[in-house]
Structure formats: C-alpha cells, structure tokens
1. May I ask you to verify whether ASP230 is of a type outside the set (Gly, Ala, Ser) and at pLDDT below 95?
2. Is it the case, given these coordinates, that GLY151 is touching a Gly at 6+ places or on another chain (Cβ under 7 Å), touching a residue at least 12 places away in the same chain (Cβ under 8 Å) and assigned to a helix (DSSP H, G or I)?
3. Among the residues of the range 301-310, is there at least one that is over 30 Å from ASP231 (Cβ atoms) and either in contact with a helix residue (DSSP H, G or I) (Cβ under 7 Å, 6 or more places away or on another chain) or surrounded by fewer than 12 Cβ atoms within 10 Å (Cβ to Cβ) (or both)?
4. Which one of these does TRP76 not meet: (1) out of contact with any strand residue (DSSP E or B) (no Cβ under 6 Å at 6 or more places or on another chain); (2) under 13 Å from ASN122 (Cβ atoms)?
5. What helices (runs of 4 or more DSSP H), lying completely within the range 34-148, carry at least 3 residues that are in contact (Cβ under 8 Å) with a residue 60 or more places away in the chain and either under 24 Å from ARG267 (Cβ atoms) or among the polar types (S, T, N, Q) (or both)?
6. Keeping to the range 227-268, report how many residues are in contact with a Ser or Thr (Cβ under 7 Å, 6 or more places away or on another chain) and among the aliphatic types (A, V, I, L, M).
7. Would you mind finding the one in SER114, SER55, SER99 that is in the same structural domain as SER248 (by TED's automatic domain parsing), modelled with pLDDT of 95 or more, among the polar types (S, T, N, Q) and touching a Ser or Thr at 6+ places or on another chain (Cβ under 7 Å)?
8. Output the helices (runs of 4 or more DSSP H) that fall wholly within the range 221-332 and possess 1 or more residues being small (Gly, Ala, Ser) and more than 25 Å from the chain's Cα centre (by Cα), or say none.
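The values are calculated or read from the model by the stated rules, or taken from the named source; none is laboratory data. Fair warning: this is a prediction, and the values are worked out from it, not measured in the lab. For neighbour counting, all protein chains shown are included, and Cβ atoms are generated from backbone atoms with ideal geometry for every residue, glycine included.
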Amino acid sequence: MNKPVYTPATLAAGNFKKYHWPELNRLHLTFGDIEPVLNTLARSGEIDCQLLGHSYAGVPIQRLSIGRGPRNILAWTQMHGDEATATAAVLDWLHWLNSGADTGLPADWKQRVSIHIIPMLNPDGAAQCTRHNAQGIDINRDALGLQTPEGAILMSQAQLLEPEVAFNLHDQNAYYSVGETAHPSTIAFLAPAFNTEKQVDDARYRAKQLIACMQEAIRHWLPNEVARYDDTYSKRCFGDNIAALSISTILIESGAGWDDPHRQTARKMNVVALHSALAALLDGSYRNYTPKDYYHIPENREDGFCDLKIEALTVPGRHLFVADMAINIDRHSGEARIAAIGDLCVMQGFKTLRQPALQLCPRKGFAITGPMTLDDSEYLQLMREGVGYFYGDANELNIQTTLPVLVVSAPLPELPMPGDQACLLLSKPDSAPHLAILNGQPVEF
C-alpha cells in the first residue's frame, strides 16, 4: 500500500523549536505557569478563549479554539494534575497554527474545521502535583457520576460540540517498554473500547486508522519508541464513555525517553502526531490505513524499565545469593526507592551498573548522639568505613555535604527490601566499600 508523504509532520517537527514555549520546559506545570501563555494566545485575533467554568477550588477552566469550520476536534490535557507534558504540547501547536507560517495544511483549513482545546482540565491537581482533584477524586473515573465540576465540564463539551475526533492526552509512568524490546515507550496510543465486548463502530474504526497514521508519521523521529496501550474497557473512564458517543476517541500517553527528564521528546511528538492527524482528516489520507496497521503497533509492557538497574549483585545474609536490583526515582519528589530484587532479565535500566563481582555491603548506620557537622570529606570517610546512613535526631545533624544523606529515626535492618530508600554501599569481595548508591545515584569514592 502506498502511504502518503508526511509533509505536515515534517513541518511540525521542523518548526517546533521556533514555536514552542521555552518557559514551559519544566518537570511540572501549574495554572500559574501557563496563564501568561493562555493570555498571549487569547489576545490574537484568530484564537477564541472561552471560560467554561471553574475547578472545585475556583480556578478558571478555559477552552482555546481556532478555526470556524463545521467539523469539530476536541482535545483536553492534564485531567490528572501531575501529567503535564501534553499541556505544553497543545499550546505549542496552537502557537504554530496561529503564526501564519506554512503548516502544510490546505489554505482553507480554518473554514473546514474548528479545533477546541481544554488545557489543564485539573488545575487544582496541578497545583498540588497530584493525580486527583481538590475533592480527592480521580476525574478520569468520574465519567458516570459526574460529581467533579471538571468532569461535568468535559462531558458537557463533548455533548455540545459533538466532535468527530477527541484527543485524551495523558502522561504514563516512565517504566513502560515497547513490547519485549529494550526501548522505552515514549508515546503510546489507544483507541478505547466503548463496551466490554470491544466492538468496533465507524468512529472507533476511524480512531484506529488515525492512530496508525500518526504512528507512521512520528516513526521518523521515534522509530522504536511507540507503543499501543491495552484496550480493556473501563466503565467509569472518560475516553471509553466519549467513545460511546460515536466520537473517534484517541488516547495519547506521553512517556519517558533517554536522558529526557522533562519529556520534551514526547512533547514534540505530541505536536507532530496531532498535526498529522489533522492533516489526514482534512485530506482523507487516514483511509489508507486499516485496523491491521493499528494492531501492528507493539503493546505497552508494564515494568519493562527502571531508572537504575544493578546487575548480578552478590547479596550477603544467611546464604549468599546473586540478584539484580531495580531502583526507581520519583520524577516529582526526587526520592529513590528499591523497586525490585531478583532475576530482572526482562527489565531494562535507563542507567545500568555492571561491575564484575560487585557485592552489597550490609547496611550500617551512624548514631547521632549530639550536634555534628557532615561535610564531603567526613561523609566519604564514613562510607569507606561502611556507614551508609544516619539515625537519631535529624536536627542535630548539620549537613554540609553536597551528596544525598539518608537520616532515619532508628537503625535499619542489614538487608534492604523493595520499597526501601535507595541508599546502598557496594564493594568488591573482601574489600572496603568503593561505590555508593545515594538516593539512586552512583557515587564512586
């Protein structure tokens, strides 16, 4: 089958640096971060900004619209307050669409379609960097109950606009892989089911075609890092319920990439994917794809990655054993914890520590019995002596070192367990420690 050449995708990628909002290159975004951008876009003559209502805590929820055509497209972001990647992406996209630059779209596209975007549906969750809203409710589990003002706003917009296509834009955790490969899932797509039988009506069929089209478009930049999300029906979720309105609903999950803590690769690929879908809708080229192309996209695999993988670590105890260890670092709090211990051959590390005959040292704490100052040299000397953490009154410890320090109230067991904070000492057999894992970061000394 001859597939179209993705000139719009090439233009979207090529113009990203010029039209993206650099101030939104952050680990997390709140309403205060995006409000100046919203105001700038609203002042342009081509973008209409409409107040749809307010969050539970009273923060404005706005809709930005461009185009005056009869065919509606709806997108929303940050339904989960701690998932901000696509919020920046849709504002980048609007900036470019409104710039007058060549977008590769037909000259009359604004007379043919109307694009409606709700950036940051959950500003209260964004303010606290939490998944749920100020009521403690996961908005994406409120599509039936509609007890959240944010969920009620979204459902009313879907019913009012009756869009042909709806984009449900999220972030996924960093540890999905693309099937059984050693590639992280930087972008994952889904055409959600609208019933337990996973039936396919015309709208869902088109969603699968559009996803195949978008995946093909971004493959030039992400040849191996695109996956397909599980389509198990979820009765309470918005994507599934909006799909039940005969709307072609598309979930895009932004994930991690190599050396990309702010997920800027996923941000850029959201722009490319959204723009490719718009172009394909306008010229009808999405019809060149079939559900077979959609199912050819590898499935997302959970726990395919960890932040740091230590391979073949000898662990002391009643019996010596050899195991891998996975450590994950919370991308918002920065706290590192042990995720798993054992045979982790099916898991990749964004960073991998491989050293022959590496041995875990039993945990040994230093008792804080009075005021003390801890600088780099003192800390490194204590680690050479096997001290990996401190216990007692943390207020007595004056931390002057630049290295992470673990302080707890009481001594820890000698062997760490999954869920424990990742502060470890490692050595060669019958040798003093020479390597530390301090809050998930390797430090040689």
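1. Yes; evaluated as a whole, the condition is true for this residue.
2. no
3. no
4. Result: TRP76 fails condition (1) only.
5. Ranges flagged: 85-97, 123-128.
6. 5
7. The unique qualifying residue is SER114.
8. 264-283
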